[in-house]
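Below is one structure, written out as structure tokens; the observations come after it.
The values are calculated or read from the model by the stated rules, or taken from the named source; none is laboratory data. None of the values given here were measured: they were computed from a predicted structure.
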Amino acid sequence: MTGDIRSKEFKHLVADIPSCADAIFAPWDRSDSPGCALALKQNGNVVYERGYGMADLEHDIPITPATVFHAASLPSSSQPCL
């Protein structure tokens, strides 16, 4: 029975991911703002991906999950969360 309850709670949390992520990134989700791309994984599977804001303000290009970001230099402490 406990496994069923946890499974239902997990499904509920996964269903809320889009609204929670959208609320967090709302300040950057504008056509006049640089933004970011977000991908969330669970058990090796992408459960949510979305771009927020603009990749290029001058040319009105929005950020999408497929946007490629150039990272010239990252400190060793900047590592992706897996």
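Just so you know, in the range 2-49 the residues that are in a loop (DSSP other than H, G, I, E, B) and either of a type outside the set (Lys, Arg) or farther than 23 Å from ILE61 by Cα (or both) include one that is modelled with the lowest pLDDT, and it is ASN43. Summed over the range 62-82, the residues that are at pLDDT 95 or above and either over 14 Å from the mean Cα position of the chain (by Cα) or outside any loop (DSSP other than H, G, I, E, B) (or both) give a count of 1.
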